[in-house]
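> If you scroll down you'll find the structure; I have some questions about it.
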Amino acid sequence: MGLDIYSGTLTRYYSRNWKTSVQQWGEKYGMEVNIIRPPEQNVEIAPAEEILEGVTNWRDGLIAALSENLSGKPLWKEDIDTTPYYTDKPDWDALEALMLYTACKALSEPVPETVVKNFDVYKQPIYSSFMEKKANPISLFDSDGWWLPINDSFMFKGCLPTGDERRIATVGMLKRELEQINSWEWQADEETIVNWSSTEGYPTDALYGKGKIERIAEHLEYNTVSLAKFAFSILWQAVKHSEQYGTMIIYDY
């Protein structure tokens, strides 16, 4: 399964009133795109009004429960289709390259020049060493890919509106982690970071035009830092969107 980053209202997310970057690409180039989801997600979708009510009640209850940890009432929007959303697709290789880069830099170890396609960061010795030595939770490593639109920095285990249990963090926590990663070496400004989602990442395997794809290569190895910058850019833009509109950030896969 591929990985998308979504920043938008939970109501829009649960009602599936949004399109992945691949779906948007397919519409642009006249190609049909079918999103295949796990069997447990193939359920009948409730009316948007019902989803909005349930999500809003969950949000209000959660804010009340977390009130002692909050420096102020968070901007947290919930509506059916008014608040815009942001999405892009780093996929797992890029996200795990960012995690590998982070582990190496935190431990002052050299970053591998390349990673192979579909590599598993969790099997890398440097990852295990980092997880053993880090003193505090890091949402990029320890959360389940759910961040609340809250500026304060913390993480906890809780239930989603669906009843599923997750390790949930805050956007403020993710933002501070990204700022730390950027400060180590890149020290990139906002414009540069945003551009990385277009200039860095996966090498070109195919050319495409209206209604057709021409495969020109099959890359089985990627530049680690380029992939890390690509994922970093997407997460950074999701954080900026969340701060502006008061929206969740979610790993969708």
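> What is the percent of Cα-Cα separations in segment 118-210 that go past 23 Å?
Across segment 118-210, Cα pairs with separations above 23 Å total 46 percent.
> Right, next: What do you get when you divide the Cα radius of gyration of segment 2-100 by 2.2 N^0.38 Å, with N the number of residues?
The value comes to 1.30.
> Relative contact order for the chain: what percent, with Cα pairs under 8 Å and sequence separation of 6 or more?
Relative contact order here is 31 percent.
> Set the Förster radius R0 to 30 Å, insert the Cβ-Cβ distance between Leu75 and Glu185 as r into 1/(1 + (r/R0)^6), and round the FRET efficiency to 0.05.
0.40
> Quick one: among Glu165, Glu68, Glu200, which has the greatest mean-square fluctuation in a GNM of the chain with alpha-carbon springs under 10 angstrom?
Glu68
> Just to make sure I understand: if all protein chains stay in place, what is the order of Thr170, Thr192 by accessible area at 1.4 Å, largest first?
Sorted descending by solvent-accessible area, the residues read Thr192, Thr170.
> Hey, another quick one. Please arrange Met1, Met131, Met248 by accessible surface area, largest first, computed with a 1.4 Å probe and ligands excluded.
Largest accessible area first, the residues go Met1, Met131, Met248.
> Count neighbours as other Cβ atoms within 10 Å of each site's Cβ, and list the trypsin sites (Lys or Arg not before Pro) in segment 25-132 that are DSSP loop with at most 12 such neighbours.
When the trypsin sites (Lys or Arg not before Pro) of segment 25-132 are filtered for loop state and at most 12 Cβ neighbours within 10 Å, Lys117 remain.
> Still on this structure, I have one more. Could you please report the charge total around Ser21, scoring K, R as +1 and D, E as -1 over all other residues with beta-carbon less than 12 angstrom from its beta-carbon?
-2
> Moving on to the next point. For q = 0.09, 0.12, 0.18 Å⁻¹, what log10 I(q)/I(0) does the chain give under the Debye formula with an equal point scatterer on each alpha carbon and no solvent?
Scattering profile of the chain, log10 relative to I(0): -0.42, -0.76, -1.56.
> Distance cut-off 18 Å, Cα to Cα: go down the list Lys157/Lys240; Lys89/Lys117; Lys105/Lys134 and report the pairs above it.
Check vs 18 Å cut-off fails for Lys157/Lys240.
> Here is a further query. Work out, step by step, the length gained on full extension between Lys28 and Asn57: first 0.36 nm times the residue separation, then minus their alpha carbon distance; give nm to one decimal.
Difference between extended and current length: 6.7 nm.
> Using a 1.4 angstrom probe on the protein heavy atoms only, could you order Leu75, Leu227 from most to least accessible area?
My answer, sorted largest first, is Leu75, Leu227.
> Now for a separate question. List every DSSP H helix in the chain whose Cα atoms extend 30 Å or more along the helix's own long axis and whose mean Kyte-Doolittle hydropathy is at least -1.0.
Span-like helices, by this rule, are 224-245.
> Stretch Thr114-Glu50 to full length: gain in nm at 0.36 nm per residue minus the Cα-Cα span?
18.3 nm
> Something else about it: Using only DSSP helix segments of four residues or longer, with each worth -39500 (n - 2.57), what per-residue ellipticity at 222 nm results for the chain after dividing by its residue count and rounding to 500?
-13000 deg cm²/dmol
> May I pose another question? Taking 0.36 nm per residue of separation and subtracting the Cα-Cα distance, what length does fully extending Glu165 through Met131 add?
Gain in length upon complete extension: 10.0 nm.
The values are calculated or read from the model by the stated rules, or taken from the named source; none is laboratory data. What you see is a predicted model, and the numbers here were worked out from it, not measured in a lab. Ideal geometry is used to build each Cβ from the backbone, glycine not excepted, and the neighbour counts take in all protein chains shown. The protein model used for the area step is the full one, side chains on, heavy atoms only, and it has no ligands, DNA or RNA in it. Shrake-Rupley method; radii C 1.70, N 1.55, O 1.52, S 1.80 Å.
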